[in-house]
Amino acid sequence: MNLETLTFSLYYFNRGKEASVELQLQRLRKLAGLSQQDMADALGIKKRTYGSWERQEVALSLEQACRCAILLNCTTDEIAGLEHSISYIDPAQKALNGYYESMNSSGRNALVETARLMSDGDSVRIEKDSPGIDAVPPQMEGVA
């Protein structure tokens, strides 16, 4: 049995509710800012074929799920709706990651750029556990 003959599960169990891969595949595609045609072109398939995966008319193979995951910059677990458990000691880090995960690519880029600006150069760098640094740099005040 090779990857092409393995069938990727079309259902998953999440928070006591059964939901379809179609919803996750579509959500992840839209989050990435891609159309069905974009996905189909990148995968070398017809748009109708890709759409049939989202509509659950055809089961996608594990290989196809892996190829989608690469294009969507996610895991096959995410396509299947399986949540990965990441624990954060700092609640602010957890919140920041949640904001990042909920954003589209433009929002993510803006958030990363803001973090980069806050860490560039000694004059604005906020170092972890540095004594006496509790404030936001003046350049970043009012940025939300």
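Quick note: the coordinates plus some simple rules give every number you see, no bench work behind them. In this text the structure is predicted, and so the values were computed from the model without any measurement. Every residue, glycine among them, receives a Cβ derived from its backbone with ideal geometry; neighbour counts consider all protein chains shown.
The table below gives the values:
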| item | result |
| --- | --- |
| Amide H within-cut-off set for Ser61, under 5 Å, with H built and near neighbours excluded | Phe8 |
| Coil-residue chymotrypsin sites (Phe, Trp or Tyr not before Pro) of segment 35-113, DSSP, other Cβ within 10 Å capped at 13 | Tyr88 |
